[in-house]
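Down below is the structure, laid out as structure tokens.
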Amino acid sequence: MEFTWPAEHLAFRDEVRALIREWRTPELLEEYAKSYGADGPLLRGFRAALAERGFLERCFPLENAAAGDSWLQFLFVEEMEYWGMPYGNLTWTSIGPTLSRFGTEDQKRRYLPGIRDGSLCFALGYSEPNAGSDLASLRTKAVRVGDEWVIDGQKIWTSLADVATHIWLAARTDPDAPKHQGISLFIVPRTAPGVRVRPLQAMYGGHTNETFYDGVRVPHADLVGAPNQGWPIIMHALNFERVALAATGALARLFDELVAWLAAERPAKLADPLVRRKLAELELDLHEHRALAQRNAWIIARGGTPIAEASMAKVSGTELRARIANTALDLLGREGVLSRENGDLAPAEGRLEFAYRIAPIFRFGGGTNEIMRDIIAAAGLRLPR
Amino acid sequence: MDLTLDTTQTLLRDSVRAYLEAELPFERIRALEREGRSDDVLWKALCAQGWLGVPLPETWGGGGASLVEAGLVLEELAKRAAIVPAAEVLACLLALARAGDPESAAALARDALAGSAVPVPACLEPGGDPRRLDLAPRGGLLHGEKRFVDYAESATHHLVSARDGGEPALFLVARDATISRRPLRAIGRTPQAHVRYAGSRATRVGGAGACRELGLLSRLFAAVQCLGAAQAALDQTVRYASVRVQFGRAIGSFQAVKHHAANMAMRVEASRFLVYEALAAHSRGEATPRRIALAKASASRTAPEVTLLAHQIHGGNGVIEENDLYFFTLRGKDRSLAWGSTEECLAEACEGLERPRDWLHGA
């Protein structure tokens, strides 16, 4: 058992912090807040810097992901989230490593460089109006016609589809096979004829999308893996997603911001023993969550695939996020209602209020916490099915 | 960062576990509980096998291992609901080794490892405030009361916290007729007593540092015991839910039961990490008292949460004493309250909330 961090990890963290100090300007944060991380000249510049200085390659190695140091990824994501910096998205953390593992040589040649330099952005085309937690019942279909596949159907929660270059799309290719065995994965250019995007405004201020596919033609060369072998690829990609969802930096930041704001602006409130007791409990929750997140990273570091561990970290982190946001607004009292649009009136520039509005999506996104608990019970505890 | 036990640690844990499973039937523990006694047979074995001495300095004949190894042994004992003063004796000896007067403790340690001396901490004073420290020996003689002394009955020595010229210090008191005990029937069903000293000869063996160290080690070890109780309850619950059939299915296949079990596992794993992290950090001398308080707060709330969910899944079968579950429920709550309850530990963590923290290095 070893709980200390080796010097090279600490040095790496210093390197990440130096980069953040260099780039974290009010202008960049403003651009990030406005576009919800999607796009903008400063964001593009920052991403290019991350790629140029090798942070992406070290943290999310595209080739031979298994040989990467998962602790670098852990530290990188933690710092980026703590400082509210746009560190990329599922294109790097999930699609890149998955494509690297399951894609053809031709696909890797065509897509990995763009994923690496930040010029490609994928939106996930998994969920459908009638296929949520029961994802394998999806009905969007792809039919082989000569050297192409023709795709018809509808996806929902296709976040980033309006700014993405591609959609990572799951479609049914064998309607007669058992439902998990008739699904294939395609790379669909977002601008392909027949793709339509309809934004859905969300209560956290950003938006997600519905996407419609009407006779969309995709070359066979953009089928990922073999036909009808899409399900394991989706599961693989989802596991990477959960690792990112379980990150602790953003939660630690919310806690620190709450304490700092109370200390500076409402010292009498912070002196209240009941307030302090609530804060101490939240801090304990954070340490406990961080323990589960580190356990998850440790499984990856020793070459394993975290299944129950990833689910534990996902559940604890996402439920804690909601608890921190809710408790934070409670402690702020009436002032907690103010969003960032209120300028200097808003406590902590409205970030706690925003955290409350966005907290629900983490609990059901990337696999609902109810499904996660099923996974913990089945894979971790071996309870009967 | 590596949570893997090394080969020596694995061997240690597995041999203690195998021994306890083979040699310590729960029936014997039921009998000891009824008689209010400590397990002398097991105690002799722990000393003879060298397991007690594993974390003690080599100069004393110990194994020179870290607090992590102490934790592994204590957790196995807790998972078997053993009634032996292992945590108490180790806390005393390690406090003296780390921060006390090791010279004066060497003879005591040798006797303890041989099984002939059993020192236990006596720290808590009447009134329920763990910070209170009024006792002060005069002319080398101790008068006054200590409460909730674990294994006070079978102990050969009490390591008593008391004032020495206004400063906290530790005094060694050998059992004799000046000590009277009032046995308690505590929820954990291990021997505990309120103790009265009427002119007991007290030898100073450590100062304020040793006194603080005794409290921190005792707290860490109680956290390990909470963890062991929770782990044992979880393990037993998973076994039970896999074989108990209702509505034609194992109840563990019902989502409601699975979700309880998943929540139990998450509590256990989070506390396990924090407790062993604190043990390792304290071994290196890098754990702040606040960090130890947070680790104990975590384990202290995990034990009741997990064991109470275990009861929900066991139904009536879990509350009868023919079933083993009650050991962990009752012992878990007892240790959860010992050396700082969740609330008491969180109250300590309220100090220092404003201090900038490096999340990377724990509390």
Where residues in the stretch B:276-295 are closer than 18 Å to A:Leu292 by Cα and among the charged types (D, E, K, R), which of them is farthest from the other protein chains (Cβ to nearest Cβ)?
B:Arg291
What do you reckon, is A:Ala359 away from every other protein chain (no Cβ under 14 Å) and not aromatic (Phe, Trp, Tyr)?
yes
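Matching residues to (1) surrounded by fewer than 24 Cβ atoms within 10 Å (Cβ to Cβ); (2) hydroxyl-bearing (Ser, Thr, Tyr):
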site	(1), (2)
B:Thr203	yes, yes
B:Ala208	yes, no
B:Glu213	yes, no
B:Leu220	no, no
B:Ala233	no, no
B:Ile251	yes, no
Please pick out the residue among A:Leu223, A:Leu282, A:Leu270, A:Leu254 that is closer than 29 Å to A:Leu135 by Cα and surrounded by 19 or more Cβ atoms within 10 Å (Cβ to Cβ).
A:Leu223
Does B:Leu56 satisfy the criteria of being touching a Lys or Arg at 6+ places or on another chain (Cβ under 7 Å), outside any helix (DSSP H, G or I) and hydrophobic (A, V, I, L, M, F, W, C)?
no
Which of the following residues is in a loop (DSSP other than H, G, I, E, B), within 14 Å of chain B (Cβ to nearest Cβ) and in contact (Cβ under 8 Å) with a residue 24 or more places away in the chain: A:Ala252, A:Ala192, A:Ala164, A:Ala247?
A:Ala247
Among the residues of the stretch B:205-233, what is the count of those that are under 19 Å from the mean Cα position of the chain (by Cα) and either within 24 Å of A:Ile376 (Cα to Cα) or not in a helix (DSSP H, G or I) (or both)?
9
Filter the stretch A:204-230 down to the residues that are at pLDDT below 95 and either closer than 17 Å to A:Thr165 by Cα or within 20 Å of the chain's Cα centre (by Cα) (or both) and list them by number.
A:Tyr204, A:Gly205, A:Gly206, A:His207, A:Thr208
Here is a check on your reading of the model: is B:Ala261 more than 17 Å from the chain's Cα centre (by Cα) and within 9 Å of another protein chain (Cβ to nearest Cβ)?
yes
Candidates B:Ala169, B:Ala155, filtered to the one that is in the same structural domain as B:Gly199 (by TED's automatic domain parsing), among the small types (Gly, Ala, Ser), in a loop (DSSP other than H, G, I, E, B) and in contact with a helix residue (DSSP H, G or I) (Cβ under 9 Å, 6 or more places away or on another chain):
B:Ala155
Any hit, the stretch A:91-105, residues being in a helix (DSSP H, G or I), at pLDDT below 80 and closer than 25 Å to A:Leu28 by Cα:
yes
Tell me, yes or no, whether the stretch B:211-223 has at least one residue that is of a type in the set (Ser, Thr, Tyr) and in contact with a Cys (Cβ under 9 Å, 6 or more places away or on another chain).
yes
If we keep just the residues of the stretch A:337-351 that are closer than 15 Å to A:Trp261 by Cα and acidic (Asp, Glu), which is surrounded by the most Cβ atoms within 10 Å (Cβ to Cβ)?
A:Glu349
Quick test of your reading of the structure: B:Gln255 fulfils all but one of (1) in contact (Cβ under 8 Å) with a residue 60 or more places away in the chain; (2) within 9 Å of another protein chain (Cβ to nearest Cβ); (3) surrounded by fewer than 24 Cβ atoms within 10 Å (Cβ to Cβ). Name the failing condition by number.
(1)
Picking from B:Ala310, B:Ala297, B:Ala347, which residue would you name as being in a helix (DSSP H, G or I), modelled with pLDDT of 95 or more and farther than 25 Å from B:Ile83 by Cα?
B:Ala347
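The values are calculated or read from the model by the stated rules, or taken from the named source; none is laboratory data. Note that the structure is a prediction, hence the values are computed from the model and not measured. When we count neighbours, we look across all protein chains shown, and the Cβ atoms used for this are built from the backbone with ideal geometry, even at glycine.
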